[in-house]
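Comments concern the structure below.
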Ligand SMILES: *Cc1c(COP(=O)(O)O)cnc(C)c1O
């Protein structure tokens, strides 16, 4: 067997993440590795924390990237804020809510589920009812941007309800961060986690988190020790907190953090509101184009995420055939449906650096021509023109 360097084909990533990584970020990651306690690196860590506060719209001191994918961000929040025996209300309207429940149960806590249909936002009235029925609940957890279904929940309202019932909140913002409005301080979110590879357009493997004073107080007043050594924030902060003498916890993924720094810098250069507006504009353009192709979005208007669009697969069209052809013929990746939606929908992500006009044109043109070839009629010309009009007026 002859082994050679791996040279991936450049693809256009319009699925649920990872999104396209900007060349500036890839270039940053190729810079020389330095020590994780090097003063130059410590200064970079401080900048990353500041830039993350900008992205999260927060002043929280404990704002930092956890070493690991979004799932590690999720688990970090749960293992630190939930103790065995606690009661946690988990809102489930897709795959990631289900994982939150799994986290709660593995800790030895009890999950009270507020269930909503896949493709819909979390219903605030159901949360209110659950909290009335369970006055001993301590934590409310929900997903702001459900990547499995393309639904956006009203985080501000859900947090308000939780606080009225003396619960702290854990919010999954993995797909939300950078792609749609997220206001950690103004909405008073207690603990939030995100991911590097969705609307921040960085490589996978880092999970920004932010916790407010209320969340920290809950960690301080724990009875039981955090059962994870790696994710125990008391220990992680010994490395990331600038007010202490930094000490070795684990070797930080140095070059990945160069990439995250560059990604956050680019977000700041663009402006966070401008990034939200860009995702929204391109979502409207995609919707206009899909309509011309005769394809419908499944999430009701008003609950749709701009950065992740669920499209019904037309009758008689085979999901896997279309995605395989898009990849082979156009180097274009769309996402498949998950769970009950498998085979019934495509997930079209326009996240971060992937959310650009040329990708809209590629997506609509490629999908339109492949569907035409498979016998599905659709106005390809009209789709491109409609999308162009939405973006450029
Ligand atoms: C992608 C995603 C995760 C998990 O992130 P990984 O980096 O894949 O571990 C969690 N929650 C949501 C909403 C996501 O979209």
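The values are calculated or read from the model by the stated rules, or taken from the named source; none is laboratory data. Being a predicted model, the structure only gives us computed values, none of them experimental. Positions of Cβ are backbone-derived with ideal geometry, glycine not excepted, and every protein chain shown enters the neighbour counts.
Values for this structure:
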read-out	value
Pairs where the first residue, in region 288-299, is under 15 Å from residue 382 (Cα atoms) and the second is modelled with pLDDT of 95 or more and in a loop (DSSP other than H, G, I, E, B), C-beta under 6 Å, 6+ apart	292/379
Filter result for the condition that a residue is loosely packed, with under 14 Cβ neighbours inside 10 Å, outside the structural domain of residue 66 (by TED's automatic domain parsing) and touching a strand residue (DSSP E or B) at 6+ places or on another chain (Cβ under 6 Å), over 324, 342, 296	296
Check on residue 207, under 30 Å from residue 20 (Cα atoms) and within 16 Å of the ligand (Cβ to nearest atom)	yes
All helices (runs of 4 or more DSSP H) inside region 90-166 with 2 or more residues being away from the ligand (no atom under 16 Å from the Cβ) and in contact (Cβ under 8 Å) with a residue 40 or more places away in the chain	124-133
Qualifying helices (runs of 4 or more DSSP H) (wholly inside region 1-87; at least 1 residues being in the same structural domain as residue 242 (by TED's automatic domain parsing) and more than 30 Å from residue 234 (Cα to Cα))	23-29
Total residues in region 205-221, condition in contact with a strand residue (DSSP E or B) (Cβ under 7 Å, 6 or more places away or on another chain) and under 17 Å from residue 172 (Cα atoms)	7
Candidate set: region 1-19, residues that are in contact (Cβ under 8 Å) with a residue 24 or more places away in the chain and away from the ligand (no atom under 16 Å from the Cβ); chosen: the one surrounded by the most Cβ atoms within 10 Å (Cβ to Cβ)	12
Considering residues of region 335-358 that are over 20 Å from the mean Cα position of the chain (by Cα) and not in a loop (DSSP other than H, G, I, E, B) only, the residue modelled with the lowest pLDDT	340
